[in-house]
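Worksheet for the structure shown next.
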Amino acid sequence: MIRESLSQAADLLFTGGEVWSIILRSLIVSGTAVLLATVVSIPLGLIIGLSRFTGRGPLVAVINTGMALPPVVAGLLVFLLLSRSGPLGSLGLLYTKQAMVVAQLVLAIPLVLGITISAIKNVPQQALLQARSLGANRLQTAMVALREARLMLLVAIIAGMGRVIAEVGAVMMVGGNIRGETQVMTTAIMEEVRKGEFALGLALGMILLVIAFTANGVMARIERQAMGA
Amino acid sequence: MSVLLKAEGVRHAYGTRRVLYLDHLEVRQGETFCIMGPNGAGKSTLVRILNLVEAADQGTIRFDGQRVSPRSLAARRRMAGVFQQPHMFKGNVLDNVAYGMRLRRRSRDEIAAHAGEALELMGLTELARRDARSLSQGEKQKVALARAIAVRPELLFLDEPAAGLDPQARGRFQLDLRRVVKELGATIVYVTHSFTEALAIGDRLAVMTAGEVRQAGPVHEVFQEPADVEAARFLGFENLLPGRVVGDAAGAIVELEQGGRVYTRSRLRGRVTVCLRGEDITLHPESAVEDISPTANRFPAEVVSLEQAGAVFRAGLDCGFMLKTTQARPAVRALGLVPGARVEVRFDEEAAHLISCPSPDGELRAGTLRPSGSATGERPMAAAAEDDSHD
């Protein structure tokens, strides 16, 4: 049965338009979420990483805890927020791609932010000291930190993408897994398996594995570069 | 000479560890001001605070008469610093040398001209297109110096820039540094561990221990006349002999606690510590006791220890009181120095420097960390620094 399913999965990947539309939707939803998370987290991570203020330690601890936030909890929070009786219910976003982006954003921000803070904190003090000593203002010093930490920031983005594209609980809860509308790779795999249709599930699973493998490969390469830099 | 930089009441701590306790320090326009002290004395912290890259917990810094802080960007841009571990920014040597000017948004022409001059001055023109991070440590340090001088700072901070280099590279770097200091004409604050460097290029010198400036003044004066036991110990006075002035001839005659009398040129009275460098002691065959010698400080002695320290030998001598001396190999050979050998010790009256030490445990107290004007009754070192800085 496995061999038969694999063969069907390969056929679907080469011929099935639906498979690719699910893949594309997944990439768009997760890509948008990670892009937004990056836009929010990197400046915030720079500020937190470079500043000294009261409550910084507890704040970082909260962010780090958020890195392990269960997707279903993130989904539940966003569901409550966007449900008809919730504070943002009037926007009518529940069971849309936008709701899925918001849920994945909630998952991605702590991860990208946490890694960014850690990367900025690990920038050699000598680099910042040297920049300031040569006349860098705060923004210019922050740019030095960003430049020094660039490889780890890339790791943060890839890790964020890896986390959100592979999660199922949050998107299922707020997206509803509507075929042709909000169905993404993970929710499609769940549905197909539930129906006993393993071919599509396997095809999507293979794509997810390829994405995970590529992301890990890129991260490993970046880390090697960072070690050698 | 006008004062360019003045620090007053500067205090700084990392957690509960106090690292800086400075009452007063001045750097004058155009001078090379050296700072020396043992590791952990607070020199680098002081430099970072004066360079306005780190904020002090307390105190004021005035630059060119204006009160400044790390937020004073205009003041910071009139300064530059080179640190122990040079950090190379990503890019080639030219990018690094141009970095400070780019921060100041200087024109392309100006950047090219100043960077070119700085590279030439440091002999780095050939390396301009090399990846800065691929350079050797010595080359990186030269790039760091070129990068600092390219912005034409009025005040240049050098924090042990040769510390991480091997002896050969250090020698070459110090030669470059001397040339640059001469040509730049800027005011320089130079932290160094090298007495030779401080004597060669310094105008004034501050000695720091345990976060305090023990003494500041003209380099030769500080070297020859340390203000307290702590400074003397750091400045290489190996022999610190407590005693009391019991009479005078041309100067003070000191009766040592260990026994024996030392003749000096000092005018101090009361309890003192005699400071004597090992290299100011000469050894002679014991049979020469009857020779005519201009010095009154002549003592028969027994060699109690002898050990080789690189190219020289360090000898411990018992002449009623204990002395340490450094002797070159030929002298050791000529005198047949071995433990148990008997010799005559001589040193000039000028070589014996006296430090006032009013209480019986004065030496002990001088070696402890204390705020200025402490209960020892000694002249506070920070006050001494202040007086010196008004010379």
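Miscellaneous remarks
- Inter-residue pairs, beta-carbon under 7 Å, first touching a residue at least 24 places away in the same chain (Cβ under 8 Å) and over 23 Å from A:Leu128 (Cβ atoms) and in the range B:37-61, second surrounded by 18 or more Cβ atoms within 10 Å (Cβ to Cβ) and aromatic (Phe, Trp, Tyr), 6+ apart: B:Gly37/B:Phe234; B:Pro38/B:Phe234
- Leading residue by the ranking (surrounded by the most Cβ atoms within 10 Å (Cβ to Cβ)) among those in the range B:223-258 that are of a type in the set (Gly, Ala, Ser) and closer than 28 Å to B:Ala198 by Cα: B:Ala231
- Residues of the range B:102-141 that are farther than 26 Å from B:Arg172 by Cβ and among the hydrophobic types (A, V, I, L, M, F, W, C): B:Leu103, B:Ile111, B:Ala112, B:Ala113.
A quick yes/no check of all residues on (1) charged (D, E, K, R); (2) buried (at least 19 other Cβ atoms within 10 Å of the Cβ):
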| residue | (1), (2) |
| --- | --- |
| A:Ile165 | no, yes |
| A:Ile189 | no, yes |
| A:Val193 | no, no |
| A:Glu197 | yes, no |
| A:Leu202 | no, yes |
| A:Ile211 | no, yes |
| A:Ala220 | no, no |
| A:Arg224 | yes, no |
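- Per the conditions (1) assigned to a strand (DSSP E or B); (2) more than 30 Å from B:Leu235 (Cα to Cα); (3) aliphatic (A, V, I, L, M), the sole criterion not satisfied by B:Ile35 is (2).
- Being surrounded by fewer than 22 Cβ atoms within 10 Å (Cβ to Cβ), of a type outside the set (Ser, Thr, Tyr) and over 19 Å from B:Arg277 (Cα atoms) is true of B:Glu183.
- Selection count where residues are among the small types (Gly, Ala, Ser) and within 16 Å of B:Arg147 (Cα to Cα), scope the range B:66-109: 5
- Failed item, numbered, when B:Pro161 is tested on (1) in contact (Cβ under 8 Å) with a residue 40 or more places away in the chain; (2) more than 10 Å from chain A (Cβ to nearest Cβ); (3) assigned to a helix (DSSP H, G or I); (4) touching a helix residue (DSSP H, G or I) at 6+ places or on another chain (Cβ under 6 Å): (3)
- Pairs where the first residue, in the range B:9-30, is farther than 30 Å from B:Glu183 by Cβ and the second is in a strand (DSSP E or B) and acidic (Asp, Glu), C-beta under 6 Å, 6+ apart: B:Tyr21/B:Glu212; B:His24/B:Glu8
- Whichever residue in the range B:58-72 is within 14 Å of chain A (Cβ to nearest Cβ) and outside any strand (DSSP E or B) and, among such residues, is surrounded by the most Cβ atoms within 10 Å (Cβ to Cβ): B:Pro70
- Test for A:Val164: is it within 28 Å of B:Tyr99 (Cα to Cα), more than 14 Å from chain B (Cβ to nearest Cβ) and in a helix (DSSP H, G or I): no
One line per residue, one yes/no per condition, for (1) buried (at least 19 other Cβ atoms within 10 Å of the Cβ); (2) within 10 Å of chain B (Cβ to nearest Cβ); (3) assigned to a loop (DSSP other than H, G, I, E, B):
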position	(1), (2), (3)
A:Leu113	yes, no, no
A:Thr116	yes, no, no
A:Ile120	yes, no, no
A:Gln126	no, yes, no
A:Leu139	no, no, no
A:Leu153	yes, no, no
A:Met172	yes, no, no
A:Gly180	no, no, yes
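- Residue match in the range B:20-40 (condition: within 14 Å of chain A (Cβ to nearest Cβ) and either surrounded by fewer than 18 Cβ atoms within 10 Å (Cβ to Cβ) or touching a strand residue (DSSP E or B) at 6+ places or on another chain (Cβ under 8 Å) (or both)): no
Computed from the coordinates by the stated procedures, all read-outs in this text should not be read as laboratory data. Predicted model, so just to flag it, every value in this text is computed and none were measured. Don't worry about glycine lacking a Cβ; one is built from the backbone with ideal geometry, like all the others, and counts go over all protein chains shown.
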